[in-house]
Amino acid sequence: MPLLERNRRNGTMRKPADFEATSRARVWTTTGLTRRIAPYASLLAMAFLLSLLSPHFLTLENLFAIGVQMAVIAIMAIGQIMVIISGGIDLSVGSVMALSGVISTMLIASGVPIGWGIFAGTLVGGMCGLLNGTLIAYGYLPPFIATLGMMGIARGAALLLTGGVPIFGLPPSFNMLGGGRIFLGIPVPVAILAALAVIGHFVLTRMRFGRYVFAIGSNAEAARLSGINVRSVIARIYTYAGLLYGFAGVLMASRLSTGQPTAGTGYELDVIAACVIGGASLSGGEGTVLGAIIGALIMGVLRNGCNLLDISAFWQQIAIGAIIVVAVFSDQYRKHKVKGAA
């Protein structure tokens, strides 16, 4: 009896649907695994190459310098990753950061206790985020438009409050937040980043709020029909992100020992790039806190390596832009391939 006929009679012959399901699973597993591994592999490859090209790259001081330089971007990326997972985007990152740093330093320079100044600056970031979230969730504005407007408002407010002049005269103790060291010489910003990363990862993976963020990003209408208060969750997402932007602004002001109204210019690109390079999908529903931090670290290592090798900063921008294009292309190609297999 032919093998085909025997399999049909024994009921072991696989149906076309079985082959389709297997094909979809294989495509999803292979591309998904590659996407998850790619940021880590890229970081290791860059580190290995730079260690060969420069004897200064793997020194402890240089590694700490990379950590301090990328800490501010990574902290803001923790907030941005929540926004992107929910299917939104936030362009007000750099401007909110500048406004928060300016208000914090203005208060501290006027004699307000440092702790209250830090709290006020962080709170301003949260208020900007709340306004963004309210306009998006209850005003039905597209995230791009709402946050683009906030980008201009916050930057203008920072310049208006300072007259475009940096704020000086801050106490030396304020510098400890952004430039101090703790146990084993670890920079304070790196330690703060590690703590916020653990909290962010716990919130997104172990708390109900985190599940809601992923559900909204995957399908907002399905999430609403499941009983999730989508508008309230979106407002909270942007508020939490704003708090992180505000604290990052205070951290940057502490590191520079000055309040710069022009601080954070162009940081929107860096923060979004960190999330995308780390595996987040601009379509929503995908992303991790660790991935966003790895993305920020990749950019930090890239910039540090270019400086060590005396490569123009213009090439750095070209490289980061190319990496973003490749990351988004791979995400869209993966989804197209999965749909094609279905």
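The values are calculated or read from the model by the stated rules, or taken from the named source; none is laboratory data. All of these numbers come straight from a predicted model, not from anything done at the bench. Cβ placement follows ideal geometry from the backbone for every residue including glycine, while neighbour counts extend to all protein chains displayed.
Key figures for this structure:
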{"read-out": "Selection within segment 255-299 - farther than 21 Å from Val96 by Cβ, not β-branched (Val, Ile, Thr) and not in a loop (DSSP other than H, G, I, E, B)", "value": "Leu290, Gly291, Leu297"}
{"read-out": "Residues satisfying the stated conditions in segment 51-90, i.e. under 15 Å from Gly217 (Cβ atoms) and aliphatic (A, V, I, L, M)", "value": "Ile81, Met82, Val83, Ile84, Ile85, Ile89"}
{"read-out": "Candidate set from segment 243-264 (those that are of a type in the set (Val, Ile, Thr) and within 16 Å of Met176 (Cβ to Cβ)); member that is surrounded by the fewest Cβ atoms within 10 Å (Cβ to Cβ)", "value": "Thr258"}
{"read-out": "Which numbered condition Gln316 misses (of (1) surrounded by fewer than 18 Cβ atoms within 10 Å (Cβ to Cβ); (2) out of contact with any Lys or Arg (no Cβ under 6 Å at 6 or more places or on another chain))", "value": "(2)"}
{"read-out": "Matching helices (runs of 4 or more DSSP H) fully within segment 1-92 where at least 3 residues are under 21 Å from Val328 (Cα atoms), modelled with pLDDT under 90 and small (Gly, Ala, Ser)", "value": "16-53"}
{"read-out": "Close pairs (6 angstrom Cβ cut-off, 6 or more residues apart or separate chains): within 18 Å of Gln69 (Cα to Cα) in segment 168-184, at pLDDT 90 or above and not in a helix (DSSP H, G or I) anywhere", "value": "Asn175/Ser257; Arg181/Pro187"}
{"read-out": "Single unsatisfied condition, Leu225 versus (1) more than 25 Å from Ile73 (Cα to Cα); (2) surrounded by 16 or more Cβ atoms within 10 Å (Cβ to Cβ); (3) of a type in the set (A, V, I, L, M)", "value": "(2)"}
{"read-out": "So Val190, is it of a type in the set (Val, Ile, Thr), surrounded by 18 or more Cβ atoms within 10 Å (Cβ to Cβ), in a helix (DSSP H, G or I) and in contact with a Leu (Cβ under 8 Å, 6 or more places away or on another chain)", "value": "no"}
{"read-out": "Members of segment 130-174 that are aromatic (Phe, Trp, Tyr) and in a loop (DSSP other than H, G, I, E, B)", "value": "Tyr138, Tyr140, Phe168"}
{"read-out": "Members of segment 300-314 found to be modelled with pLDDT of 85 or more and part of a helix (DSSP H, G or I), listed by number", "value": "Gly300, Val301, Leu302, Arg303, Asn304, Gly305, Cys306, Asn307, Leu308"}
{"read-out": "Qualifying residue in segment 231-251 (condition: over 21 Å from Ala158 (Cα atoms) and part of a loop (DSSP other than H, G, I, E, B))", "value": "no"}
